[in-house]
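Any read-out appearing in this document is the output of simple, stated calculations on the displayed coordinates, not a laboratory observation. This structure is a prediction, so every number in the text was calculated from the model and none was measured. Cβ placement follows ideal geometry from the backbone for every residue including glycine, while neighbour counts extend to all protein chains displayed.
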Amino acid sequence: MNLRQLEHLIALAECGSFTRAAARLHLTQSALSRSVQALEDELGGPLIDRAGKHSELTPLGQAVVARAHRIGLEAAEIRRSAELLRQGEAGTMRVGLGSGPGALLMTPLLAHVAGLYPHVRVHISRGSTELQVQQLRERALDALVIDTRRLAPARDLVIEPMSELRGGFFCRAGHPLAGQAALGIEQVLRFPVATTPLSDEVARALLDCYGSEADPERMAALQCEDVTSLLAAVEATDAVFFGVFAAVRESVAAGRMTELHMARPLTVKARFGYVRLAGRTEAPVMQVLRRFAAERLRD
């Protein structure tokens, strides 16, 4: 028994004759008759009473057609689901976001998917890079968008560069340092510095640029993975945020925050990337994330 045979029986029931059913199905009458006969042989009883040119369903045929209609609808839904999955318009994406990408992507991504891809389910995980890499390896996550400077290369990970974003020091608009020129690191460090955990490469760049006073272990007074919480603290106090400009772009545009003008600007940049497991087939729906992240992760 297969879907094609059930479709043939349904057409025969609706048309009432082999001639009309064969014409609708673009089959010869003999091909349609063989299909129905094969179904009858498999089910062990007649499905059609053949009375001249007119055909009627037997009681068994009526029962089979009733179920065949439901099976046909389910099959159509399966085909539609498969098409949506192929097009990347359905399915589930399980994404780990690092601190910077989380601040830049999480809320906009949820709104983007809800508005344009109603058949897509999104699960976002936040946490340390180490934890998220473990979840990726355990297949609890499908991909990560993180600062790849904090990730050690590994043979089982595919790391695809996405963007490089400049960093700096930022404060609330009414901060005592706001508007001053050629600031030294000693002036900045008179205030609490808020930052996410930094990679070794960024730590070395800070030390090279500003000396031992800028050692992140000594400099960071407020530290967590959640950039949104750090920025809320900075806007409410005299704390200074150290991070990427893209994270504060909207606050700067709204006049709530401003960038500090350092005598020696830091040239190192955050290096965001897309990380997945090597050898694992990626669901088409992940293209939604790739396109959106590539568009949003810009200075």
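Could you put Cys224, Cys171 in order, starting from the residue whose Cβ has the fewest other Cβ atoms within 10 Å?
Working: Cys224 15, Cys171 24.
Ascending number of Cβ neighbours within 10 Å: Cys224, Cys171.
List, in order, the whole-Hz ³J(HN,Hα) value for each residue of segment 161-171 obtained from phi through the Karplus relation with A = 6.51, B = -1.76, C = 1.60 and θ = phi - 60°; use x for Gly and Pro.
Taking θ as phi minus 60°, the curve returns x, 10, 6, 10, 10, 6, x, x, 9, 9, 9 Hz for segment 161-171.
What is the extension gain from Asp49 to Val158, computed as 0.36 nm multiplied by their sequence separation minus the C-alpha to C-alpha distance, in nm to one decimal?
Details: separation 109, 0.36 × 109 = 39.24 nm, distance 6.29 nm.
This chain segment gains 33.0 nm when fully extended.
Would you pull out the residues with amide H under 5 Å of Ile146's amide H, same chain only if 5 or more places away, H placed 1.01 Å from N?
Gly98, Gly273, Val275
List the relative contact order of the chain as a percent without decimals, with contacts defined as Cα pairs under 8 Å and 6+ residues apart. Before the final figure, lay out the partial values.
On the way: 483 pairs, mean separation 67.6, N = 299.
This gives 23 percent for the chain.
Once the Cα atoms of helix 286-296 and of the chain are each reduced to a long axis, what angle between those two axes, in degrees from 0 to 90 to the nearest 10, is obtained?
30 degrees
Which value at 222 nm does the chain reach when only helices count, each DSSP H run of 4 or more adding -39,500 (n - 2.57), with the total divided by all residues and rounded to the nearest 500 deg cm²/dmol? Could you put the intermediate results ahead of the total?
Numbers: 12 runs with 141 residues, N = 299.
It comes out at -14500 deg cm²/dmol, rounded to the nearest 500.
Nearest 10 degrees, 0 to 90: what angle lies between the long axis of helix 59-87 and the longest principal axis of the chain (Cα atoms)?
30 degrees
Of all GluC sites (Glu not before Pro) in segment 73-182, which ones are in loop regions per DSSP and have a Cβ with at most 13 other Cβ atoms within 10 Å? Please report the intermediate quantities before stating the final value.
Details: sites: Glu74, Glu77, Glu83, Glu89, Glu130, Glu138, Glu164; in loops: Glu89, Glu138.
Here the sparse-neighbourhood loop sites are Glu138.
Please tell me the relative contact order of segment 3-87 in percent, rounded to the nearest whole number, where contacts are Cα pairs under 8 Å and at least six residues apart.
Values: 71 pairs, mean separation 24.7, N = 85.
Taking the mean separation of contacting Cα pairs over the length of segment 3-87, I get 29 percent.
Could you work out how far apart the two model spin labels at Ala232 and Arg190 are, taking each label as a point 7 Å from the Cα in the direction of the beta carbon, and quote it in nm?
Each label point is offset 7 Å from its Cα along the Cβ direction, giving 2.9 nm.
Write down the percent of antiparallel bridges among all DSSP beta bridges whose residues are both part of the chain, to the nearest 5.
On the way: 24 of 40 bridges.
Of those bridges, close to 60 percent are antiparallel.
Going by how many other Cβ atoms sit within 10 Å of their own, how do Phe170, Phe241 line up, fewest first?
Numbers: Phe170 25, Phe241 28.
In increasing order of surrounding Cβ atoms, one gets Phe170, Phe241.
Return the tail of the calculated pair distribution for the chain, meaning the percent of Cα-Cα pairs more than 24 Å apart. Please list the in-between numbers first.
Values: 28333 of 44551 pairs.
Summing the P(r) of the chain above 24 Å gives 64 percent of all pairs.
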